[in-house]
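Following: one structure in structure tokens, then a few remarks.
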Amino acid sequence: MTLDHDAVVAAVGRWSFIPRNATRVETDEYQLLHLPPWWEQPLEVRWLRPRRPLDDVLDEVVTASQRTGLAHVCCWVRMDAPEGYEDELRVRGARLDETLDVLARPVDATVDLDPPTDVELRWDTDLATFADAMRIGGEVFGGEEVDDETVAAEFAQESGTFERGEGGSVVAYVGGVATGAAGLTVAGPDARLWGGAVLPQARRRGVYRALLHERLRYSREHRADLALVKARVGSSAPILRRAGFEKVGQERSYLLDL
């Protein structure tokens, strides 16, 4: 399988995860999500497709955001963002928060990632491993610490995805200690790789490669065609490029004070 750029862009457009306990304000012009507190940015404008003047739509978004009482809203400028959106955010004083390369590769393409043999990988099919995945994600990406009751409730909602061929989170252990975690969602032909995180003390020893290798293996096993990932330009993106991923675009997020 070779990459079809239009097909990849369409697959990226299909990728949107909204947790069950998020609150959404959605019109035909924008989607505003109030996410659980353990998310890195608990208030997001996920997409914007204005039919009216851009200023008017953004004013409405800001008003809706202010009702949450939060200090700022994270506005994502995605590959299909309207012309002038990014410029208007800057005019309003928004500051660049995150830059992600959108990368893709065929799942069936062969590449030798040479995962280290001292890294043990476990999928989150039990509560303890699921808790390790949530903890590592919080430590690396930020967000509020999650209590045991919340972890158990999330596990009850998410359990079974691994067995159904839909993916889940895989956790890396070195010497029995959880050092990294990464997520995968298989949705039809698309394998969406997300949340790759390695604790600082365990970096540069192949943990991320091991997590990537396992997610690609699972994707092949469950007949996905296209692997997609949105990677931080200064950390995981170079590793993914060496693993055969190609850049198809870029997404940026801005924090707009409320």
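The values are calculated or read from the model by the stated rules, or taken from the named source; none is laboratory data. Quick caveat, the model's predicted, so the values are computed rather than measured. Cβ sites come from the backbone with ideal geometry, for glycine too, and all protein chains shown count toward neighbours. All accessible areas refer to the heavy atoms of the entire protein, side chains included, with ligands and DNA or RNA removed. Shrake-Rupley method; radii C 1.70, N 1.55, O 1.52, S 1.80 Å.
Taking the stretch 54-70 only, how many residues are in a helix (DSSP H, G or I) and small (G, A, S)?
Start the filter on the stretch 54-70 by keeping residues that are in a helix (DSSP H, G or I), which leaves 54-66.
Filter again for small (G, A, S), leaving 64-65.
Total satisfying the criteria: 2.
Need pairs with beta-carbon distance below 9 Å; first residue more than 17 Å from Q250 (Cβ to Cβ) and aliphatic (A, V, I, L, M) and within the stretch 6-25, second open to solvent by less than 50 Å² (accessible area, probe 1.4 Å) and in a strand (DSSP E or B); sequence gap 6+ or separate chains.
Pairs that qualify, where the first residue is more than 17 Å from Q250 (Cβ to Cβ) and aliphatic (A, V, I, L, M) and the partner is open to solvent by less than 50 Å² (accessible area, probe 1.4 Å) and in a strand (DSSP E or B), are A7/L226; I18/Q31; I18/L33; I18/R46; A22/L33; V25/Q31; V25/L32; V25/L33.
Could you grab me the full set of residues in the stretch 198-238 that are crowded, with 16+ Cβ neighbours inside 10 Å, part of a helix (DSSP H, G or I) and either of a type in the set (S, T, N, Q) or touching a Phe, Trp or Tyr at 6+ places or on another chain (Cβ under 7 Å) (or both)?
Those that are crowded, with 16+ Cβ neighbours inside 10 Å, part of a helix (DSSP H, G or I) and either of a type in the set (S, T, N, Q) or touching a Phe, Trp or Tyr at 6+ places or on another chain (Cβ under 7 Å) (or both): S219, S236.
Regarding D55, is this residue without any contact (Cβ under 8 Å) to a residue 24 or more places away in the chain and more than 22 Å from the chain's Cα centre (by Cα)? I'd like the intermediate steps shown before the answer.
On the way: without any contact (Cβ under 8 Å) to a residue 24 or more places away in the chain: no; more than 22 Å from the chain's Cα centre (by Cα): yes.
No: the conditions fail for D55.
Please go through the stretch 21-32 and pick out each residue that is surrounded by fewer than 16 Cβ atoms within 10 Å (Cβ to Cβ) and either under 26 Å from P53 (Cα atoms) or under 16 Å from the mean Cα position of the chain (by Cα) (or both).
If the condition is that a residue be surrounded by fewer than 16 Cβ atoms within 10 Å (Cβ to Cβ) and either under 26 Å from P53 (Cα atoms) or under 16 Å from the mean Cα position of the chain (by Cα) (or both), then A22, T23, R24, E26, T27, D28 are the ones that fit.
Please enumerate the residues belonging to the stretch 86-112 that are touching a Leu at 6+ places or on another chain (Cβ under 6 Å) and either of a type in the set (S, T, N, Q) or closer than 24 Å to L228 by Cβ (or both).
D97, L103, A104, listed by residue number.
Taking only the stretch 196-228 into account, find how many residues are in contact with a helix residue (DSSP H, G or I) (Cβ under 9 Å, 6 or more places away or on another chain) and closer than 15 Å to G180 by Cβ.
8
Show the residue pairs that are 6+ apart or on different chains and have beta-carbon atoms under 7 Å apart, the first residue being within the stretch 133-148 and closer than 17 Å to A202 by Cβ, the second being open to solvent by 80 Å² or more (accessible area, probe 1.4 Å).
Sorted first by the residue in the stretch 133-148, then by its partner, the pairs are G138/E145.
Given P42, P50, which one is within 15 Å of the chain's Cα centre (by Cα), more than 27 Å from F245 (Cβ to Cβ) and modelled with pLDDT of 90 or more?
Working: P50 fails: within 15 Å of the chain's Cα centre (by Cα).
Checking each option against the conditions leaves just P42.
Going residue by residue through the stretch 107-121, is there one that turns out to be open to solvent by 30 Å² or more (accessible area, probe 1.4 Å), modelled with pLDDT of 95 or more, under 19 Å from R209 (Cα atoms) and of a type in the set (A, V, I, L, M, F, W, C)?
Yes: one or more hits.
Do you know which residues across the stretch 18-39 are over 20 Å from L89 (Cα atoms) and touching a helix residue (DSSP H, G or I) at 6+ places or on another chain (Cβ under 7 Å)?
Within the stretch 18-39, R20, W38 qualify.
Of the numbered conditions (1) touching a strand residue (DSSP E or B) at 6+ places or on another chain (Cβ under 6 Å); (2) open to solvent by 70 Å² or more (accessible area, probe 1.4 Å); (3) aliphatic (A, V, I, L, M), V177 fails exactly one; give the number of that condition.
So V177 meets the others, but not (1).
Keeping to the stretch 239-249, report how many residues are surrounded by fewer than 16 Cβ atoms within 10 Å (Cβ to Cβ) and in contact (Cβ under 8 Å) with a residue 40 or more places away in the chain.
3
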